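The values are calculated or read from the model by the stated rules, or taken from the named source; none is laboratory data. This structure is a prediction, so every number in the text was calculated from the model and none was measured. Every residue, glycine among them, receives a Cβ derived from its backbone with ideal geometry; neighbour counts consider all protein chains shown. Accessible surface is based on the protein model in full, side chains and every heavy atom, while ligands, DNA and RNA are left aside. Shrake-Rupley method; radii C 1.70, N 1.55, O 1.52, S 1.80 Å.
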Amino acid sequence: MILVTGATGNAGGAVVRELAERGEPVRALSRRPGSVAWPSTVEPVAGDLDRPETILPLLAGVDGVFLMSGYADMPGLLAEIRRAGVARVALLSSAAVPSGDMSNAVAAYHIRSEEAVRSSGVAWTFLRPSMFMTNALQWTSQLAAGDVVRAAFPGVAAAVIDPADIAAVAATVLLDGGYDGEALRLTGPQALLPADRVRVLGEVLGRNLRFEGIPDADAVAEMGASMPQKYVDAFVKFYVDGDLDESPVLPTVREVTRREPRTFTQWAAEHAEAFRRAS
Ligand SMILES: NC(=O)c1ccc[n+]([C@@H]2O[C@H](COP(=O)([O-])OP(=O)(O)OC[C@H]3O[C@@H](n4cnc5c(N)ncnc54)[C@H](OP(=O)(O)O)[C@@H]3O)[C@@H](O)[C@H]2O)c1
């Protein structure tokens, strides 16, 4: 039995689907487990990662945990996981960790989470993905309103990754072992600018979309309206100051899964309906 946290989200949801497709028993954890309809082999459960005591009862019979980073008491959470006798944890971390930059709030919560896992005594693998392809779903409301897509940091290319590939790696790591004690840097097959991703979306949707880069000062103001300042500062460090380079294309997904990582065109075609529904 594998416990998947963040099960109603992009990454966790993909892990649940991957394990279910492999015929593995899965417990799918989030705070609102009823919000997704799963196959009958999936057991949806409610738990709050900020309250480790709510997780312990969900760990009975669990061999592996797909764990999200950044919750209030990661050492407490790991203590429950250890106490329950779980064999292995795959932590969803970040490509920002190797910077070691504790003054960057996003890097810092991933660094602290890795540290809690590393010192827990439970076998672990860290998954450090590039930017997710699913971030493009943020553009659905713009696509519903017209053919112009505005996006921040227009000059920043990223080897965006399909969460389905993170999931395929996570499932292999948790089920087959063989990657204990390794930090796996995961990327998609191509470095793409935001304008490239909009072009691909336009081709897939059969629409003549136009890309507009948001000037950095405006992007900072817009982000400040929707997230705490420490995270705005983190993204400025990553994408304006250039502290995070997510453009390298690495062979890790292919090496672990023995198949090619999925392209943004494949991802967009699979999610075309979500973009059309919003229009
Ligand atoms: N997006 C990127 O480009 C990117 C790149 C690298 C790394 N990452 C990392 O990947 C993580 C996951 O991204 P995602 O796109 O899958 O996130 P997401 O779609 O926002 O999903 C978050 C999931 O966590 C659950 N959750 C949130 N707070 C919880 C709590 N206190 N207790 C239990 N469950 C909780 C949510 O469900 P409920 O709300 O129903 O509980 C949901 O299932 C990010 O947080 C980040 O650390 C992201």
Which of the residues that make up segment 82-100 are small (Gly, Ala, Ser) and more than 10 Å from the ligand (Cβ to nearest atom)? Ala84, Gly85, Ala87, Ala90, Ser99, Gly100
By residue number, the members of segment 169-221 that are touching an Asp or Glu at 6+ places or on another chain (Cβ under 6 Å) and within 30 Å of Glu115 (Cα to Cα) are Ala171
Can you find, within segment 50-69, the residue that is farthest from Ala107 (Cα to Cα) among those that are in contact with a Ser or Thr (Cβ under 6 Å, 6 or more places away or on another chain) and within 10 Å of the ligand (Cβ to nearest atom)? Met68
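Which is of a type in the set (Ser, Thr, Tyr), in a helix (DSSP H, G or I) and open to solvent by less than 20 Å² (accessible area, probe 1.4 Å), of Ser141, Ser113?
Details: Ser141 fails: open to solvent by less than 20 Å² (accessible area, probe 1.4 Å).
Only one candidate qualifies: Ser113.
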Filtered residues of segment 65-93 (kept if under 26 Å from Lys237 (Cβ atoms), touching an Asp or Glu at 6+ places or on another chain (Cβ under 9 Å) and open to solvent by less than 50 Å² (accessible area, probe 1.4 Å)): Ser69, Met74, Leu91, Ser93
Mind checking which helices (runs of 4 or more DSSP H) fall wholly inside segment 160-250 and carry at least 2 residues that are touching a helix residue (DSSP H, G or I) at 6+ places or on another chain (Cβ under 7 Å) and touching a residue at least 40 places away in the same chain (Cβ under 8 Å)? 163-176, 194-205, 229-239
Selection within segment 4-22 - touching a Leu at 6+ places or on another chain (Cβ under 6 Å) and either in contact (Cβ under 8 Å) with a residue 60 or more places away in the chain or more than 11 Å from the ligand (Cβ to nearest atom) (or both): Thr5, Ala11
